[in-house]
Amino acid sequence: MVEITPSVLRQAKETEAELREEFERIDERAFQNQMKVLNAFREERVSTECFNPTTGYGYDDMGREALDRIWARVMEAEAAFVRHSILSGTHALTVGLFGLLRPGDTMLSVTGTPYDTLRSIIGITGEDGNGSLKDFGIRYEEIELEEDSTLDEDAIRRRLKAGDVKMVYLQKSPGYSTRRPLGNHIVKRAVEIVRETGSRAYVVVDNCYAEFCEEHEPPYYGADLCIGSLIKNPGGGMAESGGYLAGTKEAIEKCAQRYSCPGIGLEIGASLGHTKSIYKGLFYAPHTVAQALKTAVFSAALFEKMGYEVIPAKADPRYDIVQQISLKDAKKVEGFCRGLQSASPVDSHVTPIPWAMPGYQDEVIMAAGAFTQGSSIELSADAPMRYPFTVYMQGGLTYESGRLGILAAAGEVINIEKQNSDKL
Ligand SMILES: *Cc1c(COP(=O)(O)O)cnc(C)c1O
């Protein structure tokens, strides 16, 4: 049995009572996004035939073609493609970067250094000759965010006016940094700055963890391309693998040539029976994201009550599903992950321990008891083992199970607090 002490349960009830309005806002947002998804299904006349698997080349796969159009509608973009055969979020981003950039071009990240796995793709890390952007003569520059997680607009404007920038790149979710997530108002600002300066740079957005957290998605605000993973938000916990790209017709056509082959683009690609779970996942996604958001807000409020620093804070606006909880103690990080894991539907008997993961500088601990390997729309937590020992918690297919996981994690942290105070 997942053990939850009466005192933790009492704190949880008090906490939840304070969150009623916040939860109502989350439900309302889910309703709006559900309507958008349902309308797209209606407009594209989804029928049972759409779910038929294709094999081989997959010519004229009507389910695949309709799904691309639905995805474009939901992302409020001119065009999109979504494929189970895109291996991960990192792979989708790779397709986007190589799709748009050419030798001699400059990519400018305006939200600081991108997510860890992007660094070897760009060529910030990794060996020469591994096929990075750098290997192909594509230059990279970055501009840090301001202290308050807004764009350094002057620096961006100056750099764009100097000319020669082909891509302005933004990452909304913080990855393993301790900044705040960025909302689409920041994307909108970036688009405005690019236009003001007369730059013709593409605006490209890493949308991982952010889908359906707001009313609109980045293309609505003028982003040329937004990119994400199906084992995060838009897969709704149903898609078993995949990624998507959505944006302008021109950008999507370029990326499609890179995804498959120049000259072939989106004409082929057997769906092998994966289409239905992607449709179903998209249908569930607004609701599932709401469950994850409630779980995040609940954990923020509970750990704030327990005296920990959390980002975003309980009352902060939510632009992604990730919750940072700064535990300031390696043992508490391990305890948190142990508790969360123990309340997972899969691998509840497993004890997560820190390990040296390829591509990461510090040891990393991960708690994940998911139906789909590595799925982080399912309740999961991870932390690099370095000060300030911040746990990154996300997901929760249902609020009830998310709440259980957080309570189990809180219970373990409280136990360690007790042990620590006994020692004093
Ligand atoms: C998860 C994530 C990625 C990469 O996704 P993978 O599926 O793990 O490859 C990229 N950027 C951000 C901000 C992410 O959160």
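The values are calculated or read from the model by the stated rules, or taken from the named source; none is laboratory data. Please read all numbers here as calculations on a predicted model, not as lab measurements. So basically every Cβ, Gly included, is an ideal-geometry build from the backbone, and we count neighbours across all protein chains shown. Quick note on the areas: whole protein, heavy atoms, side chains included, nothing else; ligands and nucleic acids left out. Shrake-Rupley method; radii C 1.70, N 1.55, O 1.52, S 1.80 Å.
Within a straight-line Cα-Cα reach of under 17 Å, K305 can be paired with the following aspartates and glutamates, leaving aside sequence neighbours fewer than 8 residues apart in one chain: E14, E16, E18, E22, D316, E412, E417.
Please work out the average accessible area per residue across the chain, using the 1.4 Å probe convention, and give it in Å². All intermediate terms of the calculation are to be shown ahead of the outcome.
On the way: 18610 Å² over 424 residues.
For the chain, the solvent-accessible area averages 44 Å² per residue.
The angle between the Cα long axis of helix 6-17 and the longest principal axis of the Cα atoms of the chain comes to about 50 degrees, rounded to the nearest 10.
At a Förster radius of 41 Å, what calculated FRET efficiency corresponds to the Cβ-Cβ distance of T113 and N52, to the nearest 0.05? Don't skip to the answer; put the middle values down first.
On the way: r = 44 Å, r/R0 = 1.07.
The formula returns an efficiency of 0.40 here.
Per-residue ellipticity at 222 nm computed for the chain from its helices equals -13000 deg cm²/dmol, with DSSP H segments shorter than 4 residues left out and the rest contributing -39,500 (n - 2.57). For the options P218, P388, P312, a Gaussian network treatment of the chain with springs between C-alpha atoms closer than 10 Å singles out P388 as fluctuating the most.
Given their separation in residues at 0.36 nm each and the Cα-Cα distance between them, D154 and D135 gain 3.8 nm when the chain is fully extended.
Antiparallel DSSP bridges in the chain: what percent, to the nearest 5? Please report the intermediate quantities before stating the final value.
Working: 26 of 41 bridges.
Given both bridge residues lie in the chain, the antiparallel proportion sits at roughly 65 percent.
Tell me, what does the Kirkwood hydrodynamic radius of segment 173-310 come to in angstroms if you use every pair of distinct C-alpha atoms?
On the way: mean 1/r = 0.0587 Å⁻¹.
So the Kirkwood estimate lands at 17.0 Å.
Over every pair of different alpha-carbon atoms in the chain, take the mean of 1/r and invert it; report that Kirkwood radius in Å.
On the way: mean 1/r = 0.0452 Å⁻¹.
Hydrodynamic radius (Kirkwood, Cα pairs) of the chain is 22.1 Å.
Looking at the chain as a GNM with Cα springs under 10 Å, which of R180, R200, R29 has the largest mean-square fluctuation? Checking each option, the largest mean-square fluctuation is seen for R200.
Once the Cα-Cα distance is subtracted from the 0.36 nm per residue extended length, the A330 to V2 segment shows a gain of 115.8 nm.
Please label the shape of segment 64-199 as rounded, prolate or oblate, based on the square roots a ≥ b ≥ c of the eigenvalues of the alpha-carbon gyration tensor (a/c under 1.5 means rounded; beyond that, a/b larger than b/c means prolate, else oblate). In terms of gyration-tensor shape, rounded.
What angle, in degrees between 0 and 90 and rounded to the nearest 10, separates the Cα long axis of helix 275-305 from the longest principal axis of the Cα atoms of the chain? The answer is roughly 40 degrees. Think of segment 1-149 as having a plus end and a minus end, set by charges on the Cβ of Lys, Arg, Asp and Glu; of G137, G63, G89, G63 sits farthest toward the positive end of this dipole. Once the Cα atoms of helix 89-100 and of the chain are each reduced to a long axis, what angle between those two axes, in degrees from 0 to 90 to the nearest 10, is obtained? The angle comes out near 30 degrees.
Rounded to the nearest 0.05, what FRET efficiency do E76 and Q361 have when you use their Cβ-Cβ distance and R0 = 56 Å? Don't skip to the end; give the middle numbers.
Values: r = 37 Å, r/R0 = 0.66.
Plugging the Cβ-Cβ distance into 1/(1 + (r/R0)^6) gives 0.90.
With a Förster radius of 41 Å, plug the Cβ-Cβ distance of E142 and K305 into 1/(1 + (r/R0)^6) and report the FRET value to the nearest 0.05.
Working: r = 37 Å, r/R0 = 0.91.
Efficiency computed from Cβ-Cβ geometry: 0.65.
When the Cα atoms of segment 233-384 are aligned to their principal axes, the ranges along those axes come out at 56, 34, 30 Å in descending order. Treating only the Cα positions of segment 171-214 as identical point scatterers, give the base-10 log of I(q)/I(0) from the Debye formula at each q in 0.23, 0.26, 0.27 Å⁻¹. Values, matching the q order: -0.83, -0.95, -0.98.
Would you work out what percent of the accessible area of the chain, with all protein chains in place, is carbon or sulfur (probe 1.4 Å)? Don't skip to the answer; put the middle values down first.
On the way: 9470 of 18610 Å².
Answer for the chain is 51 percent, counting heavy atoms of protein chains only.
Please report, in debye to the nearest 20, how large the charge dipole of the chain is about its Cα centre when each Lys and Arg carries +1 at its beta carbon and each Asp and Glu carries -1 there. Display every interim value, and only then the final one.
Details: 46 positive and 60 negative charges, 27 e Å.
Using Cβ point charges on Lys, Arg, Asp and Glu, the chain gives about 140 debye.
Computed over every Cα-Cα pair of segment 1-44 and binned at 10 Å starting from 0, the pair-distance distribution P(r) comes out as 23, 25, 23, 18, 9, 1 percent. Note on the chain: with a GNM built from Cα contacts shorter than 10 Å, the maximum mean-square fluctuation among G126, G335, G242 falls on G126.
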